[in-house]
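**Q** Pasting a structure here, questions to come.
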Amino acid sequence: MALAIGSGNSFLLRMRRRPVRSALIGLAIWFLAALLWFAWTFAPIRLDVPKIDVGALPPATPPAAMSISALPTGTYQTPAALAFRGGSWTEKRAFAATGILVRHPKGDLLIDTGFGRHVERQLKLLPSLQQSPHHLGTPIVDQLARMPSDTVTAILPTHAHWDHISGVDDFRGIPVLVNDAGQRFIGSHGEGTEVLNSFHGVIYRPYHFDGGSYLGFPSSHDVYGDGSVVIVPAPGHTPDSVIVFVNLPSGKRYAFIGDLVWQMEGLTRPAEKPWMMRFLIGEDRSEIRTAIARIRAATALYPQITAIPAHDTRAFASIAIYPASTR
Ligand SMILES: [Zn+2]
């Protein structure tokens with residue numbers, strides 16, 4: 001023991017005699033610790049989600065003529081490691097930019113717009129870090145032009161980020177549904193709203209979460225009044241983020257969860273996005289964790305509900321590609 005104390009004293013003495021060297025050693029230790037922590041934020045740690053009671057399956061009486069179609073407009077490439085904790089750095093994921101057309105007798109609704117005609121110009125408005133290599137397909141406005149009977153009467157973005165609203169500019173005069181948080185978020189002109197705010201003459205049609213709780217979410221908004229399309233607030237990725245439940249005449253149900261998670265692993269493992277991505281976006285971790293728990297609980301209890309992360313190309317497999325449709 002005496003020897004140990006003596007050694008410690010002499011070490012401290014040497015530290016005092018060589019302050020620059022000691023400072024450098026301290027800095028190196030700090031840097032190494034920060035590096036190890038940063039690497040750990042990409043490690044495959046299972047997200048701890050709370051237990052949720054989602055209640056009864058909400059009623060829905062969709063009209064027989066209602067159907068949905070998927071309209072892919074392209075993809076952008078992202079390493080799996082940046083999409084969810086535990087993802088591989090060598091595996092590249094093609095992030096989907098896909099809209100969903102809901103055909104309904106009361107008017108067709110477009111959920112997210114994918115890439116629009118002017119995506120190249122819009123990308124220049126974004127920080128360079130967000131400008132991933134992308135592959136462009138046909139914009140939705142041009143896909144719809146082939147079938148004149150399909151007329152979009154409203155656009156419902158899952159949130160205001162560029163990759164979900166890029167095509168809004170192609171649908172001038174068509175109202176964009178926006179909730180209270182969305183009006184504040186877009187009105188703040190903050191990061192993430194650059195592209196939407198660059199459009200001129202967008203007609204926003206406000207909606208409110210005036211309905212009761214829905215599958216564990218505290219409130220809801222029924223778009224058509226028949227339970228076929230119900231929006232719930234799911235802030236976290238952005239303040240205006242929503243989940244759109246679409247309930248088809250066949251009994252099949254979908255939850256379009258936007259960017260709550262980017263790939264299915266976010267729900268199935270569950271795994272959150274790496275810290276760096278959450279930090280850069282400014283996500284609210286606690287809100288996201290709760291929403292993930294609700295969606296996991298709802299899909300586990302009611303297997304007729306399929307959750308679709310907006311950027312997971314595999315998730316869209318059960319939805320017919322436009323102009324075919326799923327009922
Ligand atoms: Zn997105």
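**Q** Is one or more of the residues making up the range 245-253 within 16 Å of the ligand (Cβ to nearest atom), in the same structural domain as Pro79 (by TED's automatic domain parsing) and among the aliphatic types (A, V, I, L, M)? Spell out how you get there, then give the answer.
**A** Here is the first cut: in the range 245-253, the residues within 16 Å of the ligand (Cβ to nearest atom) are none.
Looking through the range 245-253, none of the residues is within 16 Å of the ligand (Cβ to nearest atom), in the same structural domain as Pro79 (by TED's automatic domain parsing) and among the aliphatic types (A, V, I, L, M).
**Q** Would you point out the residue of the range 96-123, among those that are over 12 Å from Gly167 (Cβ atoms) and at pLDDT below 95, that is nearest to the ligand (Cβ to nearest atom)?
**A** Filtering first and then ranking leaves Leu123.
**Q** From the list Ala39, Ala80, which residue is crowded, with 16+ Cβ neighbours inside 10 Å and either free of Cβ contacts under 8 Å to residues at least 12 places away in the same chain or assigned by TED's automatic domain parsing to the domain that holds Met264 (or both)?
**A** Just a single option satisfies the conditions, and that option is Ala80.
**Q** Within the range 134-163, restricting attention to residues that are more than 28 Å from Phe185 (Cβ to Cβ) and either of a type in the set (Val, Ile, Thr) or not assigned by TED's automatic domain parsing to the domain that holds Thr78 (or both), which residue is nearest to the ligand (Cβ to nearest atom)?
**A** Among those residues, the one meeting the criterion is Thr138.
**Q** Another question, if that's okay. Which of the residues that make up the range 199-244 are among the aliphatic types (A, V, I, L, M), over 23 Å from Gly173 (Cβ atoms) and either assigned to a loop (DSSP other than H, G, I, E, B) or away from the ligand (no atom under 16 Å from the Cβ) (or both)?
**A** Leu215, Val230, Val232, Ala234
**Q** Residue under question is Glu272, and the condition is that it be in contact with a Phe, Trp or Tyr (Cβ under 9 Å, 6 or more places away or on another chain) and either more than 17 Å from Ser88 (Cα to Cα) or in contact (Cβ under 8 Å) with a residue 12 or more places away in the chain (or both); does it hold?
**A** Answer is yes for this residue.
**Q** With Glu191, Glu265 as the choices, which residue is over 27 Å from His118 (Cβ atoms), within 18 Å of the chain's Cα centre (by Cα) and acidic (Asp, Glu)?
**A** Glu265
**Q** Does Phe217 satisfy being aromatic (Phe, Trp, Tyr) and buried (at least 21 other Cβ atoms within 10 Å of the Cβ)?
**A** yes
The values are calculated or read from the model by the stated rules, or taken from the named source; none is laboratory data. Keep in mind it's a predicted model, so treat the numbers as computed, not measured. With ideal geometry, Cβ positions are generated from the backbone for all residues, glycine too; neighbour counts draw on all protein chains shown.
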